[in-house]
Amino acid sequence: MLSQDSFYRNLTQEELQDVKHYNFDSPDAFDKEAILKCMRELKEMRIVDVPVYDFTTHQRSKETRRVPPADVVIIEGILVLHMEEIREMLNMKVYVDTDDDVRLARRIQRDVAVRGRDVGAVIEQYTKFVKPAFDQYVAPSRKFADIIIPWHRCDAAGDNVVAIDLITEHIRMKLQQHDLRRIYPNLEVIPSNFQMRGMHTILRDASTSTADFVFYADRLLRLVVEASLGHLPFIEKSVITPTGNQYVGVDFAKKLCGVSIIRSGESMENALRACCKGIKIGKILVHRMEDRVMDQEIVYEKLPTDIADRYVLLMDPILGTGGSAARAVKVLLDKGVEEGKILFLSLIAAPEGIQVLCKKFPRLKVITSEIDEYIDVDFRVVPGVGNFGDRYYGVLTKR
């Protein structure tokens, strides 16, 4: 837990001489760079020393408060949402809308009991600085909030239990996800179960025969395709059932096509055809140069002439470094396909590839069934499945 109040800057001698007229509710009263540095280090899982501000001397104490990193970091303060640089670092932005009288009563209680001030001085400061600063900085910042909690007294403490439950459940859900899923909202990992885990186990087993590899790969690839289709837009459609009654459902997305990255990506074409009758499929061949991840060469492409008007399912079962995938996406963008209409489908993805795609193309959707550990020095996904194309098509290779 971080408090913005810990990061008040030290007052100069000149400001101390006229402290009654100093505006502590202005953004200039805070050391914004110190806040940002602290937040960056906590995000990098480092221990930080947070300043301790003395509100009687208006200086930072020689003491600091040591804060260890955590999965959830909360920073609170009246101007947190006003400061753009801080706002951009937040995954969830909450604005608590509190009644004017409650705000004043709390301030009087706190300043008198904790900061040694008299009631008259507190009210004078509130009228002269606090309320104007609220109207200028705090109230307008509510437009940046993801969640606005309205004030209502539902019990003696005045807690909005419903809002608190929604926030805590959202955080619990995020904590159950892969670290990369928390960072990139355009990454989708298909929820796993024992059936999927069992099929992945068979694929990863070096002793699995080609026939079994193909059989279980096709099953998993079908699940990936089905999951991706659920991210396409749908429109409501009403039909009359054989009983003569109306059923209100949805109509499938139109103008859809698949594009496979040759050669492993072609293994996903059967699964796509099984799910989408008569779908058009294009192909892109990328000359993979692992030592030049972001500079891949396009060798061949054959795409539908109207691809710019379609949603595109770009397919490659293994997302490794992300170089070939990023280059294929660039081809689609150059053809006029909107970034938000591209879905990248993979069976297994490495963190390095996910970061390349999700960072470079934030409106593209990446869908996978499992995230592996890393890319090794030989540019292989670990633990991986080996060369997917060779194992799927029954080609034996020697290193």
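The spacing between the stretch 171-206 and the stretch 335-394, judged by their C-alpha centroids, is 13 Å.
Between the stretch 22-84 and the stretch 208-281, the C-alpha centres lie 50 angstrom from each other.
In the chain, taking the dipole from charged Cβ atoms about the Cα centre, the farthest positive-side position among Val112, Ile75, Phe144 is held by Phe144. Within straight-line reach of Lys237, meaning a Cα separation under 19 Å, sit the following aspartates and glutamates at least 8 residues removed in sequence or on another chain: Asp251. Between Gly389, Gly278, Gly353, the Gaussian network model of the chain with springs among Cα atoms under 10 angstrom shows the greatest mean-square fluctuation at Gly278. Only helices enter the 222 nm calculation for the chain: every DSSP H run of n ≥ 4 contributes -39,500 (n - 2.57), and dividing by all residues gives -9500 deg cm²/dmol, rounded to 500.
Computed from label points 7 Å out along Cα-Cβ, the spacing between Ala105 and Glu338 is 5.0 nm. Please report the antiparallel percentage of the DSSP beta bridges confined to the stretch 180-393, to the nearest 5. Restricted to the stretch 180-393, the bridges split so that about 35 percent are antiparallel.
For the stretch 87-190, what's the relative contact order in percent, using C-alpha pairs closer than 8 Å and at least 6 residues apart? Could the numbers behind the result be given before it?
Details: 58 pairs, mean separation 29.2, N = 104.
The value is 28 percent.
Within the chain, antiparallel bridges make up roughly 40 percent of the DSSP beta bridges whose residues both belong there. Here the Gaussian network model covers the chain, with springs between Cα atoms less than 10 Å apart; of Leu303, Leu16, Leu220, Leu16 fluctuates the most. Spin-label pair Ala308-Glu14: with each label point 7 Å from Cα along the Cα-Cβ axis, the two points sit 6.0 nm from one another. Under a Gaussian network description of the chain, with springs only between Cα atoms under 10 Å, the residue in Glu373, Glu84, Glu266 that fluctuates furthest is Glu84. Rounded to the nearest 20 debye, the dipole size of the chain about its Cα centre is 1040 debye, using +1 on the Cβ of Lys and Arg and -1 on the Cβ of Asp and Glu. Considering only alpha-carbon pairs that sit under 8 angstrom and 6 or more positions apart, the relative contact order computed for the stretch 180-393 is 22 percent.
Where the only charges are on Cβ atoms (+1 Lys, Arg; -1 Asp, Glu), what is the dipole of the stretch 2-175 about its Cα centre, to the nearest 20 debye?
Values: 26 positive and 31 negative charges, 54 e Å.
Roughly 260 debye for the stretch 2-175.
Across the options Val130, Ile164, Pro304, the greatest Cα extent toward the positive end of the charge dipole of the chain (unit charges at beta carbon of Lys, Arg, Asp, Glu) belongs to Pro304. The value of relative contact order for the chain, using C-alpha pairs under 8 Å at least six residues apart, is 11 percent. Dipole magnitude for the stretch 180-393: computed about the Cα centre from +1 point charges on Lys and Arg Cβ and -1 point charges on Asp and Glu Cβ, it is near 600 debye. Note on Glu301/Asn387: beta-carbon distance plugged into 1/(1 + (r/R0)^6) with R0 of 22 Å gives a FRET efficiency of 0.45. Evaluated over the stretch 2-175, the count of Lys pairs having alpha-carbon atoms less than 26 Å apart is 24 (only pairs 8 or more residues apart or interchain).
Starting from the exponent 0.38 and prefactor 2.2 Å, build the expected Rg for the stretch 26-119 from its residue count and divide its actual Cα Rg by it.
Numbers: Rg = 15.3 Å, N = 94, 2.2 N^0.38 = 12.4 Å.
Dividing the Cα radius of gyration by 2.2 N^0.38 Å gives 1.24.
Each of Cys38, Cys276 has some number of other Cβ atoms within 10 Å of its Cβ, and from fewest to most they run Cys276, Cys38. Only lysines eight or more places from Lys302 in sequence, or on another chain, were considered; those with a Cα closer than 22 Å are Lys254, Lys255, Lys277, Lys280, Lys283, Lys330, Lys335, Lys341.
Could you work out the Rg to Rh ratio of the stretch 251-399, with Rh taken as the Kirkwood radius (inverse of the mean 1/r over all Cα pairs)?
On the way: Rg = 14.7 Å, Rh = 15.5 Å.
Using Cα coordinates only, the ratio equals 0.95.
Where does each of Glu226, Glu352 land when they are ranked from fewest to most other beta-carbon atoms within 10 angstrom? Walk me through the numbers before you get to the answer.
Numbers: Glu226 13, Glu352 19.
Exposure proxy ranking, most exposed first: Glu226, Glu352.
Here, each number is a calculation from the coordinates, and none is a lab measurement. Bear in mind the structure is a predicted one, so any value in this text is a computation, not a measurement. Cβ: placed from backbone, ideal geometry, glycine included. Neighbour counts: every protein chain shown.
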